[in-house]
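Have a look at the structure below before the remarks.
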Amino acid sequence: LHPLEDRLVKNTFKKLASTCICPPGLPRCGCGRKSVLKILTRSPVMAGVEELLDNPRARSAKLRAGERV
């Protein structure tokens with residue numbers, strides 16, 4: 001992914017994986033929201049050395065994975 005695209009995906013995954021959308025100043029959660037996504041990869045999976053030798057264009061590729069809950 002392009003760096004800007006990666007940021008969009010990262011922020012979307014983070015938003016979908018969060019459980020509460022209430023403002024941080026509230027004493028307790030009142031929204032009752034449940035997360036709809038479980039993030040499977042903490043950091044993006046990137047191409048290894050062998051892949052880069054076979055395909056130089058893979059150097060900018062980043063893979064993020066999530067599972068619907």
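Tabulated results
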quantity	calculated
Two-decimal log10 I(q)/I(0) for the chain, as the Debye equation yields it once each C-alpha is a single scatterer, q = 0.12 Å⁻¹	-0.45
Distance (nanometres) between label positions extended 7 Å along Cα→Cβ at K15 and L63	2.6 nm
Acute angle (nearest 10 degrees) that the helix 3-17 long axis makes with the longest principal axis of the chain, alpha-carbon atoms	40 degrees
Dipole-positive endmost among N11, I21, I39 within the chain (Cβ charges, Cα centre)	I21
Simple label model, 7 Å out from Cα along Cβ direction - K34 to E51, nm	3.3 nm
Highest average packing first - 20-28, 38-46, Cβ atoms within 10 Å	38-46, 20-28
Over the chain: helical MRE at 222 nm, DSSP H runs n ≥ 4 each giving -39500 (n - 2.57), nearest 500	-9000 deg cm²/dmol
Assigned charges on the beta-carbon of Lys, Arg, Asp, Glu; the chain dipole about Cα centre (debye)	520 debye
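Read-outs: derived from the displayed coordinates by stated rules, not from any lab. Computed from a prediction, not measured in an experiment: that's the story for all the values here. Here the Cβ is made from the backbone with ideal geometry for all residues, glycine too, and neighbour counts use every protein chain on show.
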